[in-house]
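Encoded as structure tokens, the structure appears first; notes follow it.
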Amino acid sequence: MKPGNELIFLPLGGSGEIGMNVNLYGCNGKWVMVDLGMTFADPGYPGVELVLPDLAFIEERRADLLGVVLTHGHEDHIGAIPYLANELGVPLYATPFTAGLIAKKLEEEGLTKEVKLNIIPMDGTLTLGDFHFRYVALAHSIPEGNALVIDTPYGRIFHTGDWKLDDGPLLGTPASAAQLTAIGDAGVLAMVGDSTNVFNDKASGSETDVREGLLKVVKARKTGRVLVTTFASNAARLATLGWVAKETGRHLVLAGRSMDRITQVAKATGYLKDMPPSLSWDAAANMDPSKLLILCTGAQGEPMAALSRIASGSHPVLKLEPGDLVVYSSKQIPGNELAIGRVQNALATRGIEVITEKQAHVHVSGHPGRPELEAMYEWIRPEIAIPVHGERRHMEAHALVAKACGVKKTMVPINGSAIRLAPNGPKLLSHEKAGRLVLDGDVILPADGATIVERRRLMMNGHMGVTVVLDRNSKVAATPAVTAQGVPVEEDKAAFLAECAEAAEAAAKKADQKNPEKYAEAIRVAVRRIAREWTGKKPVTDVQVVRL
């Protein structure tokens, strides 16, 4: 797969899932990448927190990759940079706020000198080979959300990034309807766009409205602490909460490293100028609770985030008590319901009230509902619609919306779909390699490689170890030692282990020792048979044969 005299779109992440956005565009033998994100692991990846895109396709063609252009600073668009960008060996391009976040990531990983980071001004342009990019500001839940107008010899792409419409944005100035209409007037071959909120039949709403909703909730609390949890990256929400703190006479407290990092970068790039100073944790611990407004990470139930530790009582300084209030100024990301529920149950058990967007107007999404999608199609009027950034159901529904808006051609990709957009597109050319990697500790591994498969088996079935000792005459010298971990035998565990040892000894005496592997396998099969009879499980079983 090498792009010829054509324009190709090829997603390596973010199509068929919400998160881990990586998109390739190719023409005249060269590729450019838009975004390099990650996602968070689910219980199917035990012991893993971060999931990264498998970039093998483009790593094998890195000589033809011209650069990575970033739309905005959310983790699902920039989070894989510190782990994968150095391997690509190409420059990065981002607007000032996004670049500030990336710079801190590179610094933490010691990659500042290895990865070239270029800062492009808002509404700025850059050219990479035959690709000409122009940043177009759109409203989102983080400063400097951007669409990209990508001009090529074969047509113009409007890549929306993440966006919404907001009549009262608090940070930045998004493009107007007239400016977007002008882009459409110039002719757009394809719009590659956000599908996240396609099932919402109402517009996402304005941050200005949330400001009033949060003020009402906090102002109504005359006693006790108020803790608001939200995405740290939502700098507009941080600005709102800073204003609410001043309006209600409460002191601001920031809990979570990412909250501090976002605030620092936002201030350094000209945002959050009116944000009041925050109290230290120690000062907050000794202050009248009714004078505190705590801003906290962990809205998605992340076990190591500040809110989870506060809810469990394990935070080193910040504590909550009966009569305090926790406000979820965020939306549940699909898949996080159980984790969020665990934290909320822990809060309820301790007598702490919880308010979510279902009880009060304390959140608006950063993604477009159906009316906003319809408005964008009215302005841009592409020949082709390519839905991305959503699960399959979101993307299929987005394609239907596009058709209803008069777009004649649509195609719903999956990760790895190589789609020719021009000439004579859209046409599916091939399915290229795309997949997932996991960051396991400090090691990057295949998401479905031997390590994770073995760990899943251990998690589901437990582990048994068998040690057989043979004397110099190759006779069993003692009763085999058997251990079990995570195997569902508790009250009769001693009897279970004794029966396993008997089975191991019988097998050891009977099996042929000429082939060591077959000898150990015979013992393993005998022990697993007992385990299955007792428990219905097939534990991972290791056999060690020791010769004196």
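The values are calculated or read from the model by the stated rules, or taken from the named source; none is laboratory data. Every value quoted in this text rests on a predicted model; they were computed, and no experiment measured them. A quick note on method: Cβ atoms are made from the backbone with ideal geometry, for glycine too, and the neighbour counts reach across all protein chains shown. All accessible areas refer to the heavy atoms of the entire protein, side chains included, with ligands and DNA or RNA removed. Shrake-Rupley method; radii C 1.70, N 1.55, O 1.52, S 1.80 Å.
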Kindly indicate the residue of the stretch 467-489 that is touching a helix residue (DSSP H, G or I) at 6+ places or on another chain (Cβ under 6 Å) and under 13 Å from Q513 (Cα atoms) and also most open to solvent (accessible area, probe 1.4 Å) among those meeting that condition.
V476
Residue satisfying all of: in the stretch 102-114; open to solvent by 10 Å² or more (accessible area, probe 1.4 Å) and in contact (Cβ under 8 Å) with a residue 24 or more places away in the chain; nearest to V34 (Cα to Cα) among these:
K105
Using the structure shown, decide if M464 is aliphatic (A, V, I, L, M) and touching a Cys at 6+ places or on another chain (Cβ under 9 Å).
yes
Candidate set: the stretch 1-28, residues that are in a loop (DSSP other than H, G, I, E, B) and open to solvent by less than 10 Å² (accessible area, probe 1.4 Å); chosen: the one nearest to R420 (Cα to Cα):
P3
It is to be established whether one or more residues within the stretch 315-322 are in a loop (DSSP other than H, G, I, E, B), of a type outside the set (F, W, Y), within 30 Å of T71 (Cα to Cα) and open to solvent by 70 Å² or more (accessible area, probe 1.4 Å).
no
Selection status of D42, open to solvent by 10 Å² or more (accessible area, probe 1.4 Å), touching a residue at least 12 places away in the same chain (Cβ under 8 Å), over 21 Å from I157 (Cα atoms) and not in a loop (DSSP other than H, G, I, E, B):
no
Here is a list of conditions, (1) within 25 Å of I8 (Cβ to Cβ); (2) open to solvent by less than 10 Å² (accessible area, probe 1.4 Å); (3) in contact with a Phe, Trp or Tyr (Cβ under 8 Å, 6 or more places away or on another chain), and H398 meets all of them except one; can you say which number that is?
(3)
Any hit, the stretch 159-176, residues being over 25 Å from the mean Cα position of the chain (by Cα), open to solvent by 10 Å² or more (accessible area, probe 1.4 Å) and β-branched (V, I, T)
yes
Determine if the stretch 352-360 includes at least one residue that is at pLDDT 95 or above and crowded, with 21+ Cβ neighbours inside 10 Å.
yes
I'm trying to understand the selection: among the residues of the stretch 278-291, which are of a type outside the set (S, T, Y) and either open to solvent by 10 Å² or more (accessible area, probe 1.4 Å) or touching a Gly at 6+ places or on another chain (Cβ under 9 Å) (or both)?
L279, W281, D282, A283, A285, N286, M287, D288, P289, K291
Condition check: touching a residue at least 12 places away in the same chain (Cβ under 8 Å) and more than 28 Å from G155 (Cα to Cα). Does A137 satisfy that?
no
Restricting to the stretch 433-447, name every residue that is surrounded by fewer than 20 Cβ atoms within 10 Å (Cβ to Cβ) and within 14 Å of G416 (Cβ to Cβ).
K433, G435
May I ask you to verify whether N146 is under 23 Å from the mean Cα position of the chain (by Cα) and either among the polar types (S, T, N, Q) or surrounded by fewer than 16 Cβ atoms within 10 Å (Cβ to Cβ) (or both)?
yes
Selection within the stretch 60-84 - more than 22 Å from D442 (Cα to Cα), open to solvent by less than 10 Å² (accessible area, probe 1.4 Å) and touching a residue at least 60 places away in the same chain (Cβ under 8 Å):
G67, V69, T71, H72, G73
Restricting the stretch 23-48 to residues that are closer than 12 Å to R436 by Cα and aliphatic (A, V, I, L, M), the one farthest from the chain's Cα centre (by Cα) turns out to be A41
Every residue from the stretch 407-429 that is free of Cβ contacts under 8 Å to residues at least 60 places away in the same chain and polar (S, T, N, Q):
T410, N424
Exactly one of D130, D54, D35, D123 is at pLDDT 95 or above and open to solvent by less than 10 Å² (accessible area, probe 1.4 Å), and that residue is D35
Condition test on G298, is it within 18 Å of the chain's Cα centre (by Cα) and either part of a loop (DSSP other than H, G, I, E, B) or not β-branched (V, I, T) (or both)?
yes
Search the stretch 528-548 for residues that are within 10 Å of V487 (Cα to Cα) and touching a residue at least 40 places away in the same chain (Cβ under 8 Å) and pair each with any residue that is part of a strand (DSSP E or B) and open to solvent by 100 Å² or more (accessible area, probe 1.4 Å) when their beta-carbon atoms are under 9 Å apart and the residues are at least 6 apart or on different chains.
P539/Q485
Reported set for the stretch 189-242 where residues are closer than 16 Å to V253 by Cα, within 24 Å of the chain's Cα centre (by Cα) and among the charged types (D, E, K, R) is R237
For the stretch 136-172, which residues satisfy the criterion of being more than 16 Å from I380 (Cβ to Cβ), among the hydroxyl-bearing types (S, T, Y) and at pLDDT 95 or above?
T152, Y154
Out of (1) of a type outside the set (A, V, I, L, M); (2) within 25 Å of the chain's Cα centre (by Cα); (3) open to solvent by 20 Å² or more (accessible area, probe 1.4 Å), the one Y135 does not meet is (3)
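Listed here are the residues, each with its yes/no results for (1) touching a residue at least 12 places away in the same chain (Cβ under 8 Å); (2) out of contact with any Ser or Thr (no Cβ under 8 Å at 6 or more places or on another chain); (3) open to solvent by 20 Å² or more (accessible area, probe 1.4 Å).
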{"site": "R309", "(1), (2), (3)": "no, yes, yes"}
{"site": "A346", "(1), (2), (3)": "yes, no, yes"}
{"site": "R350", "(1), (2), (3)": "yes, yes, yes"}
{"site": "E378", "(1), (2), (3)": "yes, yes, yes"}
